[in-house]
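Read the structure below first, then the notes.
The values are calculated or read from the model by the stated rules, or taken from the named source; none is laboratory data. Everything numeric in this text was worked out from a predicted model, so none of it was measured. Virtual Cβ from ideal backbone geometry, glycine too; neighbours counted across all protein chains shown. Quick note on the areas: whole protein, heavy atoms, side chains included, nothing else; ligands and nucleic acids left out. Shrake-Rupley method; radii C 1.70, N 1.55, O 1.52, S 1.80 Å.
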Amino acid sequence: MNNTNSAEEIMDQFTRELFEELFGPADEKISEIPKIPEKLALEVDALFTSTKDTERTGPAIDLFSRLKKIKKELNISPDAFGISKETLTLFAFKHQHLDEHGVTVGGRVNRALPIVEQANERVADYLKNKDTEAPSGIELWDRIQENVRRIKSILNIDDDEWSSYSGQLRHCIDSVEKLSNIIDLPSQIIEELTRATKSYRMRLTPYYASLIQPDRTNDPVLLQSVPTGEMVDNIGIEMPPVAADHSPARLIDQFYPRVLTIKATNMCAMYCTHCLRIAHIGKKDRIYSDNAYEEALNYIRNNTHIRDVLITGGDAFVLPNRMIKNILKALDDIDHIKMKRLGTRIPVTTPWRVDSELLEILEESNDKKPVRVVTQINTAQEITPISKNAFKRISKSVSAVLNQAVLLKGINDTKVKMWKLCETIQESYVRPYYIFNCSYRNPQFAHFRVPIEKGRDIVESMYGNISGDAIPRYIATAGGKIPLHRSNVVGHEGSDIVMKKPWSGEKVRYPDADPDEYANKNFSFAKN
Ligand SMILES: *Cc1c(COP(=O)(O)O)cnc(C)c1O
Ligand code: SF4
């Protein structure tokens, strides 16, 4: 048959390999050719028939995959089913012809499908454990609602107060006594918390407290919000706060030429046990004077290098709407300011703060120059239907919602926990932006620190396994943000770069651009 010969000749390498497997010599291990069970014969016949009569590619893939498996496991070649090499060659030819990209049967059966199978293995452990090791607040919602009912009745909070920012603040849990009313705490823990809260302020909103799973030891939400004895015991030599050597003007921190922060308030709706700004935040709430804001804005007005201003705190959403509006307006009126950011954890701790007036203010300013909201979510458990909805609404009003997580021992320091966090927030309209290695500057939270290398393993494990835009950058803060990612360039071979695939360790050669051509050759348009 001339026809099949020519088809065979143009077969690609993958398909030739597949045919060799199907019709090649028997595997020596299997000496006896078993009789074909009737059921198998019927199955193959059905696959054959649907491949013959179809204009789809799927049946051919099913047929070839099945024949390959039968040959490998039972050592029965297609001839034994009355399927000739010529017929299969025609099927292969038809498949390639039907496929929009000319993908061959061999390419699909012998390469693409095994690659997908291998890829699936890399996430098997994650898929198995993600909902038990790192349940999201959405998955825990029924249990959280039980907590809500309990907390509401113990603290005597009505529905309206529960679902309002002011109600949440009015009923915030700021004493060990109040905490122990809503969560069962063993007496030695109560003693320890009493000691810790003498030095560290505790405040969590009843909503944030409802996310705590009381039957779990070391609940990650509890760890983030309730000061413990370690914080007191860890205090050694206090480092000077960051502002001491990085504040060129009142309220301003600046490391970089084009971006700076205004610490517009020192208040937060809740106080985090791992707060980088613990020296400014946790002592007492302060209202800053108009003079302070004016001096900060004047510094920005007078420094035309600056283009991006990050309004932070404390928590920017603690500021009243009127003030947020005024600051954004003042920044929008400065020609050289092109971008604004607001740093807030409030959508996670008190989502009802995100009211329609605030959203209008954000949207109005975003229409002039992009506004981004930068938040801090450290566990999937902090995402509930309520906070997700708040983020959804914010995301419609601003140009991006970004997350800066802190890598914290026991809270998010496993692959499963961190992947789950990144996927959950991405599904909640929030883009993972940074993961900070927990700073050395504050001895209070030394017990939360995770070695740089461990963080690298976690971040690196995401490449090739979760969406690229759900992978944050791994950062150390040390007078500015310093990237901590691992290099995947592992060597050189001749002029090629040798790289390592983060997900499999497989080495790949990558021909580099010719440096001489890059430096010295001009485009042909420039020839005269
Ligand atoms: C974090 C931070 C910034 C912003 O850094 P990006 O890398 O642009 O997000 C700017 N100034 C100070 C003082 C900061 O702490
Ligand atoms: S919300 Fe931010 S600034 Fe406020 S206590 Fe938590 S980490 Fe610190």
Notebook entry, point to check: When you scan the stretch 58-152 for helices (runs of 4 or more DSSP H) that lie fully inside it, which ones turn up with 1 or more residues that are closer than 30 Å to TRP419 by Cβ and outside the structural domain of THR15 (by TED's automatic domain parsing)?
Noted result: 113-133
Check: Which residues, counting only those in the stretch 435-465, are part of a helix (DSSP H, G or I) and aromatic (Phe, Trp, Tyr)?
Finding: PHE445, PHE448
Item checked: Meets criteria (more than 23 Å from ILE386 (Cα to Cα), modelled with pLDDT under 95 and open to solvent by 30 Å² or more (accessible area, probe 1.4 Å)) for ASP290 -> yes
Next item on the list: Would you mention how many residues in the stretch 343-383 are in a strand (DSSP E or B), open to solvent by less than 10 Å² (accessible area, probe 1.4 Å) and more than 11 Å from ligand 2 (Cβ to nearest atom)?
Entry: 2
Next item on the list: Identify the residue in the stretch 223-277 that is closer than 20 Å to ASN378 by Cα and within 15 Å of ligand 1 (Cβ to nearest atom) and, among all such residues, is modelled with the highest pLDDT.
Entry: CYS275
Next item on the list: Among what's in the stretch 465-487 and is polar (S, T, N, Q) and either surrounded by 15 or more Cβ atoms within 10 Å (Cβ to Cβ) or under 23 Å from ASN403 (Cβ atoms) (or both), pick the residue that is nearest to the chain's Cα centre (by Cα).
Entry: SER467
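Does LEU319 meet the test of being out of contact with any Leu (no Cβ under 6 Å at 6 or more places or on another chain), within 16 Å of ligand 1 (Cβ to nearest atom) and over 22 Å from ILE411 (Cβ atoms)?
no
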Margin query: Looking at (1) open to solvent by 10 Å² or more (accessible area, probe 1.4 Å); (2) within 16 Å of ligand 2 (Cβ to nearest atom); (3) modelled with pLDDT of 95 or more, which one does GLY314 not meet, given that it meets all the others?
Written below: (3)
Margin query: Taking the criterion of being buried (at least 19 other Cβ atoms within 10 Å of the Cβ), within 14 Å of ligand 2 (Cβ to nearest atom) and part of a loop (DSSP other than H, G, I, E, B), would at least one residue in the stretch 174-197 satisfy it?
Written below: no
Notebook entry, point to check: Do we find that ALA390 is assigned to a helix (DSSP H, G or I), small (Gly, Ala, Ser) and buried (at least 18 other Cβ atoms within 10 Å of the Cβ) in this structure?
Noted result: yes
Check: In the stretch 367-376, what count of residues is obtained for those that are farther than 19 Å from ARG345 by Cα and in contact with a Ser or Thr (Cβ under 6 Å, 6 or more places away or on another chain)?
Finding: 1
Check: Out of all the residues in the stretch 264-278, is one or more more than 14 Å from ligand 2 (Cβ to nearest atom) and in contact (Cβ under 8 Å) with a residue 24 or more places away in the chain?
Finding: no
Next item on the list: Answer yes if at least one residue in the stretch 482-493 is among the hydrophobic types (A, V, I, L, M, F, W, C) and within 16 Å of ligand 1 (Cβ to nearest atom), and no otherwise.
Entry: yes
Next item on the list: For the stretch 143-182, name all the residues that are under 33 Å from the mean Cα position of the chain (by Cα), more than 19 Å from THR350 (Cβ to Cβ) and not basic (Lys, Arg).
Entry: GLU146
Notebook entry, point to check: Is at least one residue of the stretch 295-306 outside any loop (DSSP other than H, G, I, E, B), within 16 Å of ligand 1 (Cβ to nearest atom) and of a type in the set (Val, Ile, Thr)?
Noted result: yes
Next item on the list: Can you confirm whether the stretch 402-415 contains a residue that is within 16 Å of ligand 2 (Cβ to nearest atom), open to solvent by 10 Å² or more (accessible area, probe 1.4 Å) and in contact with a His (Cβ under 6 Å, 6 or more places away or on another chain)?
Entry: yes
Note to self: Against the definition (away from ligand 2 (no atom under 16 Å from the Cβ), in contact (Cβ under 8 Å) with a residue 40 or more places away in the chain and part of a loop (DSSP other than H, G, I, E, B)), how does ILE337 come out, yes or no?
What the structure shows: no
Margin query: For the list (1) assigned to a loop (DSSP other than H, G, I, E, B); (2) among the small types (Gly, Ala, Ser); (3) within 28 Å of THR384 (Cβ to Cβ), I need the number of the one condition that GLY479 fails.
Written below: (3)
